[in-house]
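Since the structure comes first, as structure tokens, the remarks are kept for the end.
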């Protein structure tokens, strides 16, 4: 796993944020949590993230995706998205979002998936584009 592999959890559900944060810390993954799009944008402006887990049904989610699209490709975090069964896949930018996870979440599985994905994130000096 890259030494700069920090995760940003963006979810309005306090319980989901707390459970996922704990599960990631148990797997030695550093993470920050954002309660809203505004909070996530502020954190994206202050720190670099290797991966972001974003809930599709949050208000203003498109503003977060717009910010990521504006970043140079080599600085973009990998994006995983959670969505309820009724969410439309048509609303998801498949060039930006690598993984979609259906809710309800199985916390241990999601944390394990995030940890596994981080194994493939190169260190800053290994990114080419």
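FYI, it's all coordinate maths here, none of it is from the lab. Keep in mind that this is a model prediction, so the values were computed, not measured. Cβ: placed from backbone, ideal geometry, glycine included. Neighbour counts: every protein chain shown.
At R0 = 22 Å, how high is the FRET efficiency between residue 100 and residue 62 if r is their beta carbon distance? Nearest 0.05 is fine.
For R0 = 22 Å, the calculated efficiency reads 0.85.
Could you check which residue among 32, 66, 13 shows the biggest mean-square fluctuation in a GNM of the chain with a 10 Å Cα cutoff?
So, out of 32, 66, 13, the one fluctuating most is 66.
If you work out mean projected area of the Cα convex hull in nm² from the coordinates, which of (1) 7.8; (2) 7.2; (3) 9.6 do you get?
Working out mean projected area of the Cα convex hull in nm² from the coordinates points to (2).
Could you compute the FRET efficiency for residue 74 and residue 27, with r as their C-beta to C-beta distance and R0 at 41 Å, rounded to 0.05?
With a Förster radius of 41 Å, E is 0.95.
Of the residues 58, 81, 71, which exhibits the maximal mean-square fluctuation in a Gaussian network model of the chain defined by a 10 Å Cα contact cut-off?
Fluctuation is largest for 71.
Please find the FRET efficiency linking residue 109 to residue 43, where r is the Cβ-Cβ separation and R0 is fixed at 22 Å, and quote it to the nearest 0.05.
It comes to 0.35.
What full-extension length gain, to one decimal in nm, is calculated for residue 93 and residue 14 as 0.36 nm per residue of separation minus the Cα-Cα distance?
Fully extending the segment from residue 93 to residue 14 adds 25.9 nm.
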